[in-house]
Ligand SMILES: [Zn+2]
């Protein structure tokens, strides 16, 4: 079976907070709007003219998106969301190397971090069995690299030859 080598992190993303990688790579965790009481993380800020600012907060990174309604609270499809806030560093500095990156770059970094934590494949019986099989064969299924124990043994062998 061909094994992929562990990808290197983008130098512009490797030190970023996980939440930035998650939200930029897989999308924000916005609460769904509901009829009736406003859900958690949704606020409606009334204005004098009878319109409202709907303020919706990402449950993961804390970034806010805001849209103003028509008077009476009605939806105006010409009004776009405005975005602000979130985890420090969420917005890349304009003109920086990171500002030139796109969603797929963040998604790749998200998968890389997930693989590092051995959660890719989920917590299923099939995933656990595949991990056991790979470990028995001396490989980390997610990275294609020899298992840590084998690396330690290799280091010991090398040291012993000196
Ligand atoms: Zn978010």
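Of everything in segment 1-32, what is over 13 Å from the mean Cα position of the chain (by Cα), surrounded by 14 or more Cβ atoms within 10 Å (Cβ to Cβ) and at pLDDT 85 or above? Give them in sequence order.
Those that are over 13 Å from the mean Cα position of the chain (by Cα), surrounded by 14 or more Cβ atoms within 10 Å (Cβ to Cβ) and at pLDDT 85 or above: 12, 30, 31.
Look at segment 90-111 and say how many of its residues are surrounded by 14 or more Cβ atoms within 10 Å (Cβ to Cβ) and away from the ligand (no atom under 16 Å from the Cβ).
First, the residues of segment 90-111 that are surrounded by 14 or more Cβ atoms within 10 Å (Cβ to Cβ): 90-92, 98, 101, 105-111.
Then drop every residue that is not away from the ligand (no atom under 16 Å from the Cβ), which leaves 98, 101, 105, 108, 111.
The total comes to 5.
Suppose we keep only residues that are in a loop (DSSP other than H, G, I, E, B) and in contact with a strand residue (DSSP E or B) (Cβ under 6 Å, 6 or more places away or on another chain) within segment 63-89. Which one would you say is farthest from the ligand (Cβ to nearest atom)? Break it down into steps so the answer makes sense when it comes.
The first filter runs over segment 63-89 and keeps only residues in a loop (DSSP other than H, G, I, E, B), leaving 69-81, 86-89.
Imposing the further condition that a residue be in contact with a strand residue (DSSP E or B) (Cβ under 6 Å, 6 or more places away or on another chain) reduces the set to 69, 73, 79, 81, 86.
Details: 69: 23, 73: 25, 79: 21, 81: 13, 86: 6 Å.
Out of the qualifying residues, it is 73.
Select from segment 45-62 the residues that are part of a loop (DSSP other than H, G, I, E, B) and within 16 Å of the ligand (Cβ to nearest atom) and write down the one among them that is surrounded by the fewest Cβ atoms within 10 Å (Cβ to Cβ). Before the answer, list the steps.
The initial filter retains those residues of segment 45-62 that are part of a loop (DSSP other than H, G, I, E, B), namely 47-51, 58-62.
Restricting the remaining residues to those that are within 16 Å of the ligand (Cβ to nearest atom) gives 58-62.
Working: 58: 23, 59: 13, 60: 18, 61: 21, 62: 16.
Top of the filtered list is 59.
The values are calculated or read from the model by the stated rules, or taken from the named source; none is laboratory data. Owing to the predicted nature of the structure, the values given are computational and were not obtained by experimental measurement. All Cβ positions, even for glycine, are placed from backbone atoms using ideal geometry, and neighbour counts span all protein chains on display.
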